[in-house]
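The next block holds one structure in the form of structure tokens; read it before the comments.
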Amino acid sequence: MGYLYNDILCSGRKKMAMLIDPDSFSLDSMERLGRLLAAAPPDILLVGGSLVSTSVDDFVLLLKTITTLPIVLFPGNAVQFAPSADGLLLLSLISGRNPEFLIGQQVVAAPAIAASSVEVIPTGYMLIDGGAVTSVQYMSCTQPIPATKSDIAVATAQAGQLLGLGAIYLEAGSGARHHVPFEMISAVAGAIDIPLIVGGGIRDAETAARICQAGADMIVVGSALEKDPSMLVELREAVQKSN
Ligand code: 1GP
């Protein structure tokens, strides 16, 4: 793996990713976003969603006109692969038992990924119950791991590491009522040696800091920043202070 994995995810410093759903941005908000990213840059930009109708490649190219931050794909399916991105979280939904999201979509995307120069980060994606049915759950037709079952989350993450995945992503789902529980984050972080990414339902700086302290190497925030982009300043500060 390359720069994004070695120098950002495995840096040993807590990191923050801002998740952008291409369908939620207009050209107007793009200009505002550019100013904000220059003033308070997150470590990376994640681009994707469970259901995206915009051309992700066009969107990435547009983002590149307003920022030099690394742009990493976070695709809900194979259609969202974009060769103009810097990196790709190649997700396998290891908490689920739907072969389409364990390996099917990856097979569809593989030829295009292999022909590109996008840095691939093979990631074990684990959906954790966040108190409501989320888009990921519905679109992937999989059951989330119950929020109280840290033992299942630990075993699943360990299996992902043993299979050779480069990172684990604990996902409560976009706009989740409850973020992934701190106890589960600690238990998983203590059981694996690969970077741990945590997202879903993070809405304030204190929660962001506590999730980092519990053992996340990178937090992902989407919905809260869509509502109030200026929160980027405090979220970023909270993550940096947890180092
Ligand atoms: C969703 O983890 C991300 O895939 C971010 O979730 O939109 O709730 O911040 P939010």
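The values are calculated or read from the model by the stated rules, or taken from the named source; none is laboratory data. Since we're looking at a predicted model, the values are computed, not measured. For neighbour counting, all protein chains shown are included, and Cβ atoms are generated from backbone atoms with ideal geometry for every residue, glycine included. Surface areas here come from the heavy atoms of the whole protein model, side chains and all, with no ligands, DNA or RNA. Shrake-Rupley method; radii C 1.70, N 1.55, O 1.52, S 1.80 Å.
Is it the case, given these coordinates, that Lys64 is in contact with a Cys (Cβ under 7 Å, 6 or more places away or on another chain) and surrounded by 14 or more Cβ atoms within 10 Å (Cβ to Cβ)? When the stated conditions are applied, Lys64 does not pass them.
Taking the stated definitions as given, is Asp43 of a type in the set (D, E, K, R) and surrounded by 14 or more Cβ atoms within 10 Å (Cβ to Cβ)? The answer is yes for Asp43. Sub-9 Å Cβ pairs linking a first residue in region 50-74 that is over 13 Å from Gly87 (Cβ atoms) and of a type in the set (Phe, Trp, Tyr) to a second residue that is open to solvent by less than 40 Å² (accessible area, probe 1.4 Å) and at pLDDT 95 or above, at least 6 apart or interchain, are Phe59/Ile20; Phe59/Val47; Phe59/Ala82, ordered by first then second residue. Of everything in region 171-214 that's within 15 Å of the ligand (Cβ to nearest atom) and polar (S, T, N, Q), which residue is nearest to Ala157 (Cα to Cα)? Checking each candidate, the answer is Ser174. Residues of region 66-80 that are within 18 Å of Met18 (Cα to Cα) and touching a helix residue (DSSP H, G or I) at 6+ places or on another chain (Cβ under 8 Å): Ile66, Thr67, Leu69, Pro70, Ile71, Val72, Leu73, Pro75, Gly76, Gln80. Just the residues that are within 11 Å of the ligand (Cβ to nearest atom) and either open to solvent by 30 Å² or more (accessible area, probe 1.4 Å) or within 23 Å of Asp7 (Cα to Cα) (or both), please, taken from region 226-243. The answer is Glu226, Lys227, Leu235. Inside region 1-11, residues that are open to solvent by less than 70 Å² (accessible area, probe 1.4 Å) and in contact (Cβ under 8 Å) with a residue 12 or more places away in the chain make up a count of 6. Can you find, within region 215-225, the residue that is farthest from the ligand (Cβ to nearest atom) among those that are out of contact with any Asp or Glu (no Cβ under 8 Å at 6 or more places or on another chain) and not in a strand (DSSP E or B)? Selected residue: Gly215.
Note on region 79-91: among residues that are open to solvent by 20 Å² or more (accessible area, probe 1.4 Å) and not in a loop (DSSP other than H, G, I, E, B), the one that is nearest to Leu51 (Cα to Cα) is Val79. Out of the residues in region 25-64 that are modelled with pLDDT of 95 or more and within 16 Å of the ligand (Cβ to nearest atom), state the one that is farthest from the chain's Cα centre (by Cα). Top of the filtered list is Val56.
Ser150 meets all of the listed conditions (1) free of Cβ contacts under 8 Å to residues at least 60 places away in the same chain; (2) within 24 Å of Tyr5 (Cβ to Cβ) but one, namely (2). Within region 83-99, the residues that satisfy the criterion of being in contact (Cβ under 8 Å) with a residue 24 or more places away in the chain and more than 22 Å from Met16 (Cα to Cα) are Pro83, Ile94, Ser95, Gly96, Arg97, Asn98.
Does Thr67 count as in a loop (DSSP other than H, G, I, E, B), more than 15 Å from the chain's Cα centre (by Cα) and modelled with pLDDT of 95 or more? So Thr67 passes the test. Restricting attention to region 38-49, the residues being in contact with a helix residue (DSSP H, G or I) (Cβ under 9 Å, 6 or more places away or on another chain) and in contact (Cβ under 8 Å) with a residue 40 or more places away in the chain number 7.
Of all residues in region 212-224, exactly one satisfies the criterion of being over 14 Å from the mean Cα position of the chain (by Cα) and within 19 Å of Val47 (Cα to Cα), namely Ala224.
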